[in-house]
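Asker: Quick one: the structure is below, and I'll ask about it shortly.
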Amino acid sequence: MGNRMLDKNSLPTEKEIFEFIGNDANKLLKQFEEAFAKQYDMQKELKFPFGNNYGWGYKYSHKTKHLCYIFFEIGEIDVMMQIGSKDTEKLNEVINGGLFLTKELWKNKYPCSNGGWINYRPKTKADVKEIMRLLAFKKKPVIK
């Protein structure tokens, strides 16, 4: 994990988050949020989950369905999501139909029930599009 916002006692402001992640990552975060808001009824909460090593991040949900976290790192963002399915054939189709990076992340996933957790660090708009594709497998988009 890169350097993260690990001071649990100091709630970061949007300005501090922007300065921490930098301009490029902030653009990707905005692209992600715009895409997310088109597909889901976006709920966004600033959280400090999972103990002391993950740091501050946004939790994104659709109504009560948690979809992913975005953690803040110096110069980048880390989209952490759990992907799984009882239908492993369909899950493999989704993973294998994705970008090369998706396949690599899946090989190194943190296993969990019928799937696992991946940490996707988007660098391009294509990465953001891929993240949205994976989220659409997790939760069918709501047509707006």
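Asker: Filter the range 1-60 down to the residues that are aromatic (Phe, Trp, Tyr) and either closer than 15 Å to Pro122 by Cα or in contact with a Ser or Thr (Cβ under 6 Å, 6 or more places away or on another chain) (or both), then identify the one that is surrounded by the fewest Cβ atoms within 10 Å (Cβ to Cβ). Lay out the reasoning, then the answer.
Answerer: We begin by selecting, within the range 1-60, every residue aromatic (Phe, Trp, Tyr); these are 18, 20, 32, 36, 40, 48, 50, 54, 56, 58, 60.
When the remaining residues are screened for being either closer than 15 Å to Pro122 by Cα or in contact with a Ser or Thr (Cβ under 6 Å, 6 or more places away or on another chain) (or both), the result is 32, 36.
Details: Phe32: 24, Phe36: 22.
Across the range 1-60, the extreme among qualifying residues is Phe36.
Asker: Of the numbered conditions (1) out of contact with any helix residue (DSSP H, G or I) (no Cβ under 6 Å at 6 or more places or on another chain); (2) modelled with pLDDT of 95 or more; (3) closer than 15 Å to Lys139 by Cβ; (4) in a helix (DSSP H, G or I), Tyr69 satisfies every one except a single condition; which is it?
Answerer: Just one mismatch for Tyr69, condition (4).
Asker: From the list Gly116, Gly98, pick out the single residue that is modelled with pLDDT under 95, over 12 Å from the mean Cα position of the chain (by Cα) and not in a loop (DSSP other than H, G, I, E, B).
Answerer: On the way: Gly98 fails: not in a loop (DSSP other than H, G, I, E, B).
It is Gly116.
For (1) out of contact with any Leu (no Cβ under 7 Å at 6 or more places or on another chain); (2) without any contact (Cβ under 8 Å) to a residue 40 or more places away in the chain; (3) not acidic (Asp, Glu); (4) not in a loop (DSSP other than H, G, I, E, B), each residue gets a yes or a no:
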{"residue": "Ser10", "(1), (2), (3), (4)": "yes, yes, yes, no"}
{"residue": "Glu16", "(1), (2), (3), (4)": "yes, yes, no, yes"}
{"residue": "Asn26", "(1), (2), (3), (4)": "yes, yes, yes, yes"}
{"residue": "Glu33", "(1), (2), (3), (4)": "yes, yes, no, yes"}
{"residue": "Gln43", "(1), (2), (3), (4)": "yes, yes, yes, yes"}
{"residue": "Ile83", "(1), (2), (3), (4)": "no, no, yes, yes"}
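Asker: Quick one: would you say Thr64 is more than 14 Å from the chain's Cα centre (by Cα), surrounded by fewer than 11 Cβ atoms within 10 Å (Cβ to Cβ) and under 16 Å from Ala136 (Cα atoms)?
Answerer: Working: more than 14 Å from the chain's Cα centre (by Cα): yes; surrounded by fewer than 11 Cβ atoms within 10 Å (Cβ to Cβ): yes; under 16 Å from Ala136 (Cα atoms): yes.
Spelling it out, Thr64 is indeed more than 14 Å from the chain's Cα centre (by Cα), surrounded by fewer than 11 Cβ atoms within 10 Å (Cβ to Cβ) and under 16 Å from Ala136 (Cα atoms).
The values are calculated or read from the model by the stated rules, or taken from the named source; none is laboratory data. Since the structure is predicted, the reported quantities are computational estimates derived from the model, not experimental observations. Glycine gets a Cβ as well: all are built from the backbone with ideal geometry, and neighbour counts include every protein chain shown.
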